[in-house]
Structure formats: C-alpha cells, structure tokens
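**Student:** This is the structure I want to talk about, given as structure tokens.
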Amino acid sequence: MATHHHINVKKTGSVAVIALILTWIAMRFSANAMLATAALIGGILPALFWLWFWLHEDKAHPEPKKIIFEAFTFGMIAVPIAILFEKLTLGDAGKVTLLVFFAWAVIEETLKYGAAFIAGIRTEYFDEPIDVVMYMISAALGFSAGENVLFIFTALQGGTLAQGITTLQLRFIGASLLHVAASALIGFSIGFSIGKETWKRWVYLFTGLASAFALHTAFNYFIMVTEGKSLFNIFALLWAVIAVIIVLFEKIKRSPYYLVSLQQKNSAF
C-alpha cells in the first residue's frame, strides 16, 4: 500500500529561512564565526528559558509544540523586517525622537502579532482564550531572541566578552520581558473579549494595542533619555507590569473553555 507524505509548508519554510539566515551570517561574518556562534547561543537560550517559564502558565491545556515553535520562529524572522521598516522611519536626518520610538513600537508589536496570527491564532488550535496569549508570548520571545543575537554580536564584535555578557544580562531581565509584557497585553485584550459584542471586542483590542504601544515606547524612550542611569527604576516599572500579567493569567484561566473554533467566531481578529 502506498503511503502519502504531506509536506508541512510552514515548518519547511521556517527551516529554510533559518538556514538561509545562518548561511548569510556565516558568509558575512566568516572572520568572526566564533562571535556569531556565541551570539546565537547567548541570544536564543535565554529566550527559550523564558518560553519554558511562561508555557507553564498553560499546563492544563498546553498548545502543540509545533505551533509554539512556529510562532517563536516567525517572531525571529520578523526582526530583519522590523529593522528595514524602522530604518525607513528615521529618514535622512536619522534623529531618534519620541515619535520615532512610538513608530518602532507599532512596527514591532504589529509584526509580532502577525507572527502569532500566522502560526496559531488563525488555526484550529486557537480554541480557548488563553491560547492567544501563549501564541503572542511565543512570537514575542522569538522576536526577542532575534534581537538578542544582533545586540550580543555587536557588543562582542566591538568590545569584550564582559560587554557581551552585560548586554545579555540587561536584555534577559529587561528587553525580553518588555516584549513579553507588550505582546501579552494584546493577547489578553483579545482573549478577554471573546464572546462579547463586536463593538466591545474592538474596544478591548484598541485598549490592548494602546497599552502595548505605550509600554514599549516609554521603556525605550526613558532608557535613551536617562542614558541608562535609571535602569533600576525603569526595570522596576516593567516588573510591576509583569506582576499584573501573572495576575491576568490566573484570571483568564478561569474563562469559559471554548470547544468551537474561535477563529470563526472572532474573525475580526
């Protein structure tokens, strides 16, 4: 009896894109292969740790690992796209203003949502409110991993191992959680809106997007304004938001469990 093998287009495409990126890095930075390898390890492993941590919030009905992997991967792929659009916002002057930081926040949060949407939100695996939060966090950590690799490589290339480690530490407790927090706020806004009237769902979504954009913009802007001199205060505010997110996790876990396909009921998202 003949056996039919079906090719998983999304997974195959993801692997191909990652292989292409790694090949480009190896060719472009062949003289710094060790630094590139260190940056890849240092950038991705911490993000995987946070992914493992947050996935424990959905132990009752965990999402398929392949969907989580795809959301994470698409989040990484979104990084070079974000860089391209962010460069366009600078224009000829190249001056970074509050408005530019806001534009960057909109670009990054939109791309992370796109990654989560393609990987999981639009599929049959979105069948309960907490799912959208998990997909958003997975995409956010993939995006963070991609950024980590670039920042750590730049630090190692232009400085010392100590500078690379310092960059890793700051991104582990700061930028990585920023991406999680901002994307989770969007995810909760969608998750809590399920089953409500259409206009209320749009209000929830707008509130989530506005909160994510504001948090992302404020974090980056105050880092720049203070020149890194008030990191503790800035990080403390971020950790307070993370504490709120943990509380929201406990609340959304008590939301009704939906057995029907939510992407059909909530096609607006």
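**Student:** Restricting to DSSP loop positions (anything but H, G, I, E, B) with no more than 14 other Cβ atoms inside 10 Å of their own Cβ, which GluC sites (Glu not before Pro) remain in the stretch 105-153? All intermediate terms of the calculation are to be shown ahead of the outcome.
**Tutor:** Details: sites: GLU108, GLU109, GLU124, GLU147; in loops: GLU124.
Here the GluC sites (Glu not before Pro) that fit, given the DSSP loop and packing criteria, are GLU124.
**Student:** Hey, rough spin-label estimate for LEU205 and GLU250, points 7 angstrom out along Cα→Cβ, what's it come to in nanometres?
**Tutor:** 3.1 nm
**Student:** What FRET efficiency comes out for LEU98 versus ARG122 if R0 is 30 angstrom and r is the Cβ-Cβ distance? Round to the nearest 0.05. Walk me through the numbers before you get to the answer.
**Tutor:** Details: r = 34 Å, r/R0 = 1.13.
After rounding to 0.05, the efficiency reads 0.35.
**Student:** Hey, for a label at THR226 modelled as a point 7 Å past Cα toward Cβ, could you say which residues of the stretch 184-202 have their backbone N under 17 Å away?
**Tutor:** In the stretch 184-202, the label zone of THR226 (backbone N under 17 Å from the point 7 Å along Cα→Cβ) covers no residue.
**Student:** In nm, give the distance between the simple-model label positions of THR89 and TRP239, each being 7 Å from the Cα along the Cα-to-Cβ direction.
**Tutor:** 2.8 nm
**Student:** Taking the number of other C-beta atoms within 10 Å as the exposure measure, put VAL180, VAL132, VAL96 in order starting with the fewest.
**Tutor:** Fewest-to-most Cβ neighbours within 10 Å comes out as VAL96, VAL180, VAL132.
Where a number appears in this text, it was derived from the coordinates with a stated rule and is not lab data. If you're wondering where the values come from, they're calculated on a predicted model, not measured in any experiment. No Cβ is skipped: glycine too gets one built from the backbone with ideal geometry, and neighbour counts run over all protein chains shown.
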